[in-house]
Amino acid sequence: MKLLAFLKKNLIEEAAETRKMLATVKDEDFAWQPHPKSMTIARLVSHLADIGGWIHMTLTTNELDFAQGFTERPVANVADALELFDANVAKSLVELEKATEEFLDIPWTMRNGEMIYFTDSKAGVIHMSMGQMIHHRAQLGVFLRLLDVAIPGPYGPSADEMALFGLEETEA
């Protein structure tokens, strides 16, 4: 499988799992946070909705400079988050369709003025973006579990879904 086909397949699959997790959030839980140093659920959901567009940003720019200004669009509720996430993923898929394998080798930089956080190929940044989507989706799952909200399993049944698959939850 060619790299672009793999990246597109990966985005489609991980976006579907992330969308399921986002759809599980309840609007009334947006202000909750598990610890003062943790994000609120609203902030985490906004961040996840934004991550859906990181591949688009990577393929249409050569850097992100925080000194030039960067803000994520806050979302007011779950419906808003899903709409933003879906739009961002769609834009990312369009750019993946237009890209070439050679284009993925072009360097991309994240910086804050003169301070360079990292430079990697566009392919490497796309890989990191997918990792961020998975990481923050899992973080959201932990937040929801702490609120006793049933969560979907991304690669098989979660503890909440075991009965649906005729499986029994096992104690560790």
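The values are calculated or read from the model by the stated rules, or taken from the named source; none is laboratory data. This one's a predicted model, so the numbers in the text were calculated from it and none came from an experiment. So basically every Cβ, Gly included, is an ideal-geometry build from the backbone, and we count neighbours across all protein chains shown.
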Restricting the range 129-154 to residues that are in a loop (DSSP other than H, G, I, E, B) and without any contact (Cβ under 8 Å) to a residue 24 or more places away in the chain, the residue that is surrounded by the most Cβ atoms within 10 Å (Cβ to Cβ)
Gly153
Listing of helices (runs of 4 or more DSSP H) fully contained in the range 1-108 that carry 1 or more residues being farther than 24 Å from Val142 by Cβ and hydroxyl-bearing (Ser, Thr, Tyr):
54-60, 78-98
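Of the residues Thr119, Thr109, only one is in contact with an Asp or Glu (Cβ under 6 Å, 6 or more places away or on another chain) and at pLDDT 95 or above; which?
On the way: Thr119 fails: in contact with an Asp or Glu (Cβ under 6 Å, 6 or more places away or on another chain).
That would be Thr109, the only listed residue that is in contact with an Asp or Glu (Cβ under 6 Å, 6 or more places away or on another chain) and at pLDDT 95 or above.
Being over 12 Å from the mean Cα position of the chain (by Cα) and either closer than 22 Å to Pro152 by Cβ or at pLDDT 95 or above (or both) narrows it down to one residue among Lys9, Lys2; which is it? It would help to see each step written out before you state the result.
Working: Lys2 fails: either closer than 22 Å to Pro152 by Cβ or at pLDDT 95 or above (or both).
Selected residue: Lys9, the only one of Lys9, Lys2 that is over 12 Å from the mean Cα position of the chain (by Cα) and either closer than 22 Å to Pro152 by Cβ or at pLDDT 95 or above (or both).
Looking only at residues in the range 109-128 that are part of a helix (DSSP H, G or I) and β-branched (Val, Ile, Thr), which one is farthest from Thr18 (Cα to Cα)? Working first, answer last.
Our first condition is that a residue be part of a helix (DSSP H, G or I); within the range 109-128, this holds for 122-128.
Filter once more, so that each one left must be β-branched (Val, Ile, Thr): 125-126.
Numbers: Val125: 19, Ile126: 16 Å.
The residue in question is Val125.
Could you please let me know if Val78 is closer than 16 Å to Thr18 by Cα, touching an Asp or Glu at 6+ places or on another chain (Cβ under 7 Å) and β-branched (Val, Ile, Thr)? I'd like the intermediate steps shown before the answer.
Details: closer than 16 Å to Thr18 by Cα: yes; touching an Asp or Glu at 6+ places or on another chain (Cβ under 7 Å): yes; β-branched (Val, Ile, Thr): yes.
So Val78 fits the description; yes.
Yes/no matrix, rows are residues, columns are (1) in contact with a Gly (Cβ under 9 Å, 6 or more places away or on another chain); (2) within 19 Å of Phe70 (Cα to Cα); (3) of a type in the set (S, T, N, Q):
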{"residue": "Val94", "(1), (2), (3)": "no, no, no"}
{"residue": "Glu102", "(1), (2), (3)": "no, no, no"}
{"residue": "Asp105", "(1), (2), (3)": "no, no, no"}
{"residue": "Tyr117", "(1), (2), (3)": "no, yes, no"}
{"residue": "Val125", "(1), (2), (3)": "no, yes, no"}
{"residue": "Met130", "(1), (2), (3)": "no, no, no"}
{"residue": "Met133", "(1), (2), (3)": "yes, yes, no"}
{"residue": "Leu146", "(1), (2), (3)": "no, no, no"}
